[in-house]
Amino acid sequence: MDKQILVVEANSHVGTYIREHLERESYACTLDHLGFSALNRLGEQQFDLIILDILLLDINGLLLCKEIRHMSSVPIMIISELDDIITKVKAFDYGANDYMTKPLNVKELFVRVRALLYNGRPVKNNFHHSLNLKDITVDLDSHEVFVNNKQVELTKKEFTLLTYLIRNKNIVVSREQILDKVWGYDFIGTTNIIDVYIRYIRGKLGRHTPQKYISTVRGIGYIAKE
């Protein structure tokens, strides 16, 4: 069976270029331009390697790398125009297995891909369908939320909102972003609805712990802090 490679690249031309060259080498290649979309793919399909751009449109690629590494042992190759040592060190600290700078040399890319795919132990994509924030565990399969191993009863909308915030943990998300991703672009109403649901979630989590998970960023939106 062909090795399955997921390419997460913001630039469609660069992404297509990588995919076409990998497919010529008989790799099965899936291309995605957004980080959260790629993260969802990982929950649905097994991959043997991820090639990950840093400068994505919806999330910093390094944070996405860290999130993937919490959930899976799949090899990750970072590709980026950033060539500074601080970024490279952070990439490896966050779980990357390799780092290539752009513009990419195709021959070098193939050598590195083969090394990650075939050197060492076979890697299983042990992707756990759960998210974590401090002592919160969100089970994405059963749609259950636990705080300190105690179940928290959330409505479907509350669950979706909390999941979105945790996927974006340590990142400030605006009310407009939340409204778009959780309620949908066709929602008719104001962003005040978000404040109401945040209050509901805080109240339900607060029954099990005094710890605060979601902070308000005045004038912007909210952040779920690790």
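The values are calculated or read from the model by the stated rules, or taken from the named source; none is laboratory data. This structure is a prediction, so every number in the text was calculated from the model and none was measured. Methodologically, a virtual Cβ is constructed for each residue, glycine included, from the backbone with ideal geometry; neighbour enumeration extends over all protein chains shown. When the accessible area is computed, the model is the full protein with side chains, heavy atoms only, and any ligands, DNA or RNA have been set aside. Shrake-Rupley method; radii C 1.70, N 1.55, O 1.52, S 1.80 Å.
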Which condition number in (1) in contact with a strand residue (DSSP E or B) (Cβ under 8 Å, 6 or more places away or on another chain); (2) at pLDDT below 90 is the one that Gly61 fails? (2)
Would you check which residues across the range 82-106 are of a type in the set (S, T, N, Q) and in a strand (DSSP E or B) and list them? Thr101
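Are any residues in the range 192-226 of a type in the set (Ser, Thr, Tyr) and not in a loop (DSSP other than H, G, I, E, B), and if so, which ones? Explain how you work it out, then say what you get.
Start the filter on the range 192-226 by keeping residues that are of a type in the set (Ser, Thr, Tyr), which leaves 197, 200, 209, 213, 215-216, 222.
Within the range 192-226, Tyr197, Tyr200, Ser215, Thr216, Tyr222 qualify.
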Out of (1) in contact (Cβ under 8 Å) with a residue 12 or more places away in the chain; (2) of a type in the set (S, T, N, Q); (3) closer than 28 Å to Tyr164 by Cα, what's the single condition that is false for Ser26? (3)
Please enumerate the residues belonging to the range 53-76 that are buried (at least 22 other Cβ atoms within 10 Å of the Cβ), farther than 17 Å from Asn168 by Cβ and not acidic (Asp, Glu). Val74, Pro75, Ile76
Would you mention how many residues in the range 138-175 are in a strand (DSSP E or B) and within 16 Å of the chain's Cα centre (by Cα)? 3
Can you tell me which residue in the range 1-46 is surrounded by the most Cβ atoms within 10 Å (Cβ to Cβ), limited to those that are aromatic (Phe, Trp, Tyr) and more than 15 Å from the chain's Cα centre (by Cα)? Tyr27
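Here is a check on your reading of the model: is Thr163 open to solvent by less than 80 Å² (accessible area, probe 1.4 Å) and under 24 Å from Leu34 (Cα atoms)?
Values: open to solvent by less than 80 Å² (accessible area, probe 1.4 Å): yes; under 24 Å from Leu34 (Cα atoms): yes.
Yes; evaluated as a whole, the condition is true for this residue.
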Evaluate the following for Val182: is it free of Cβ contacts under 8 Å to residues at least 12 places away in the same chain, at negative phi, open to solvent by 10 Å² or more (accessible area, probe 1.4 Å) and among the aliphatic types (A, V, I, L, M)? no
Looking at the range 50-74, I want the residues that are within 14 Å of Phe92 (Cα to Cα) and have a partner that is among the basic types (Lys, Arg) and at pLDDT 85 or above with Cβ atoms under 7 Å, at least 6 apart or on another chain. Which pairs are those? Leu62/Lys90
Across the range 76-116, what is the number of residues that are under 27 Å from Glu25 (Cα atoms), touching a residue at least 24 places away in the same chain (Cβ under 8 Å), among the aromatic types (Phe, Trp, Tyr) and in contact with a helix residue (DSSP H, G or I) (Cβ under 6 Å, 6 or more places away or on another chain)? 0
Complete set of residues in the range 138-151 that are more than 28 Å from Gly61 (Cβ to Cβ) and crowded, with 20+ Cβ neighbours inside 10 Å: Val147
Tell me whether the range 40-51 contains one or more residues that are among the hydrophobic types (A, V, I, L, M, F, W, C) and touching a Phe, Trp or Tyr at 6+ places or on another chain (Cβ under 8 Å). yes
